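Inspection log for the structure reproduced underneath, given as structure tokens.
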Amino acid sequence: MPDPGGGERHSEASSETLNSSMLGSSMSSESICSTSFSRLSFDLLPPSPESLSLKPHRSSDFAYSAIRSAAFCRKAALTFRDFHLLRRIGSGDIGTVYLCRLRNRQFNSPVEDEEDEECCLYAMKVVDKDAVALKKKSQRAEMERKILKMLDHPFLPTLYAEFEASHFSCIVMEFCSGGDLHSLRFKHPHNRLPLSSARFYAAEVLVALEYLHMLGIIYRDLKPENVLVRSDGHIMLSDFDLSLCSDAIPAVESSDPLHNPSPNALPHTYTQSHTPLPTRSHSFISPFSCFSNRGFRSRDMRVVEPNRLFVAEPVSARSCSFVGTHEYVSPEVASGRSHGNAVDWWSFGVFIYELIYGRTPYAGPSKEATLRNIVKKPLAFPTATPASCLELHARDLISGLLNKDPARRLGSKRGAADVKKHPFFKGLNLALIRMQTPPLVPGSRRTKTTSLYPVKGKSNSNNHHKQHETASFDFFF
């Protein structure tokens, strides 16, 4: 549910174009999946018993507590009748996102003033199952729902509730009042974030990717539009319908001290030697796996030694699907080859490059030219020399992540465990990054969104600062 950025960057690669515009389109002009709720029937289907599970990272979240309290009062899972839609805040290829809030439990009516209870605002993603089935994308919607049920992390969305109403499938998540990093970038000079801000956001995305890979999830759609900013200034990744689920084997590994990379070594020349740790293994149903009939080995550390790394990277996952956003896809995807976990580290490099330099490194005049550049064009930076030591480290990190050979790409072997060691992140306590003050704290301010019901005499045509947008695509083989 990204906010649009600036210029025009359409990157769809199928006959169904992703409408990722957040503003300026009426309900009647929405895509086939953005059906107006005037059609919605209240023949509610029984809610899923899994629709409300405990989320330890949300124990102090007032909005999450309100959801749990409402469900407790009803003695049943929440349904569509428990929410009041306020306005549309985004639309995509498989659904539309609405700003909503819980109805008053005593009077069964919503609070009319949006400013009264900002902390109780939610984002409801609505999927027209008939329309998605017609576009043969039901699997994508189901994949996103499955992944959201697995997540419990400060930088990832929480599934507050899920239910069905007629032919609509609804999921309720946290509302991020700060927009997305793509829009935030256009509020800075030359559309570039300060290096310190880019480093902070990159660090939080890195921690989120580490958690996803630990669960065996390859994100495959990392871009600033999908990195939302919460009211406290910290980030939240969104949109998991293009993600790939596999199995990850968490392990504790050590680096051979004789082969530890020096701080000045290029990231893509890192050489590791894995030493097995004395452990005892046992198998059980993995909470880190998308497939309940698979297991993983739990390694209990008996001896605490220096240079131990927690590694949980789905290195064996492979896919031949042509998915992603054109300017962010890796060379192996652009050339039609199979791909694995390394695609996320490539897009992470493109992500950092865009935050710092205001554009992606391989963008061409057309989608075809962009894909050719990704496969053949060498990496280049806007200036010959970096302006600071931190920018030097940033370029070194980007160069390691944008290695066209996935086998030599930084992160492809041991994931975030290797990326976090890079000097670009020196001085950041990544384990406690959530406790640091973000570059921007938007608070629970009301963001400009598209009203659910059109107001007579008003127009949404004041698009004097048109931002460009990216669109994800998918070809499954």
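All of the numbers you see were taken from the coordinates with simple rules; none came from a lab. Fair warning: this is a prediction, and the values are worked out from it, not measured in the lab. Neighbour counts are summed over all protein chains in view; Cβ atoms, including those assigned to glycine, are modelled from backbone coordinates with ideal geometry.
Listing for the model above:
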quantity: Spacing of the two label points (7 Å from each Cα toward its C-beta) at Lys75 and His190, in nm; calculated: 6.5
quantity: Mean Cβ neighbour count within 10 Å, used as a protection proxy, ranking 124-134, 203-213, 313-323, 87-97 highest first; calculated: 87-97, 203-213, 124-134, 313-323
quantity: Sorted by Cβ neighbour density within 10 Å, fewest at the top, the residues His84, His182; calculated: His84, His182
quantity: Subset of Lys125/Lys146; Lys187/Lys367; Lys223/Lys420 violating a 21 Å alpha-carbon distance limit; calculated: Lys187/Lys367
quantity: Sequence ranges 220-228, 390-398, ranked by mean other-Cβ count within 10 angstrom, highest first; calculated: 220-228, 390-398
quantity: Stretchable slack from Asp130 to Lys426, in nm (0.36 nm times residue separation minus alpha-carbon distance); calculated: 101.6 nm
quantity: Estimated FRET transfer efficiency (Arg337, Ser399; beta-carbon r; R0 25 Å; 0.05); calculated: 0.70
quantity: Sorted peptide list for 65-75, 158-168, 377-387, criterion being average Cβ within 10 angstrom, highest first; calculated: 158-168, 65-75, 377-387
quantity: Separation of the Ser65 and Leu379 label points, Cα + 7 Å toward Cβ, nm; calculated: 4.5
quantity: Gain in span if fully extended, Arg434 to Leu392, counting 0.36 nm per residue against the direct Cα distance; calculated: 12.6 nm
